[in-house]
Amino acid sequence: MSTEKAILQTIEKVMPEGADIQIVRGVDALNVGVSWLLHDDPELPNKRSKTISIAVSHEAVQDFAAAEDQAGAERRVSEFLRAQLAQFDPTHQAPASEPPPIEKWVITTKILNG
């Protein structure tokens with residue numbers, strides 16, 4: 001399995017069921033966008049959560065691939081994401097004519113190595 005796929009699977013396991021997860025390869029990082037339907041406004045049945053932009057630095061991607069303790073690296077990333085998600089408020093008041101706000105989370109080598 002590719003490193004990107006392993007990172008994506010780790011993210012998918014933590015995010016709410018039904019979350020829309022998209023990969024965007026950037027110059028400085030692997031970026032993963034995550035959002036989901038809120039179901040909190042009957043007037044806007046397709047209103048989406050704030051978007052979480054998870055940036056995984058290229059160095060972290062390489063370190064993830066080279067990790068001797070792959071399960072440990074995945075666990076630490078999962079713990080980081082769960083902690084972030086516990087603090088995250090997906091609701092917002094952006095008008096329907098505007099995209100939802102974006103919150104950026106960064107996964108670094110320090111997180112992978114603990």
Q.
Tell me the residue from Lys13, Lys5 that is loosely packed, with under 14 Cβ neighbours inside 10 Å and modelled with pLDDT under 95, please.
A. Lys5
Q) Of all residues in segment 37-62, which are closer than 16 Å to Ile21 by Cβ and either small (Gly, Ala, Ser) or touching a Gly at 6+ places or on another chain (Cβ under 6 Å) (or both)? A) Ser49, Thr51, Ser53, Ala55
Q. Among the residues of segment 1-56, how many are of a type in the set (D, E, K, R) and more than 27 Å from Ser97 (Cβ to Cβ)?
A. 7
Q: Just name the residue that is farthest from the chain's Cα centre (by Cα) out of those in segment 30-72 that are in a strand (DSSP E or B), closer than 17 Å to Lys110 by Cβ and touching a residue at least 40 places away in the same chain (Cβ under 8 Å).
A: Ser57
Q: Tally the residues that are among the charged types (D, E, K, R), crowded, with 17+ Cβ neighbours inside 10 Å and touching a residue at least 40 places away in the same chain (Cβ under 8 Å), restricting the search to segment 73-114.
A: 2
Q: Say whether the condition of being among the aliphatic types (A, V, I, L, M) and under 16 Å from Gly114 (Cβ atoms) is met by at least one residue in segment 79-96.
A: yes
Q. Looking only at segment 16-51, which residues are crowded, with 17+ Cβ neighbours inside 10 Å and under 19 Å from Leu112 (Cα atoms)?
A. Ala29, Leu30, Val32
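The values are calculated or read from the model by the stated rules, or taken from the named source; none is laboratory data. These numbers were taken from a predicted model, which means no experiment stands behind them. Glycine also receives a Cβ, built like all others from the backbone with ideal geometry; neighbour counts cover every protein chain displayed.
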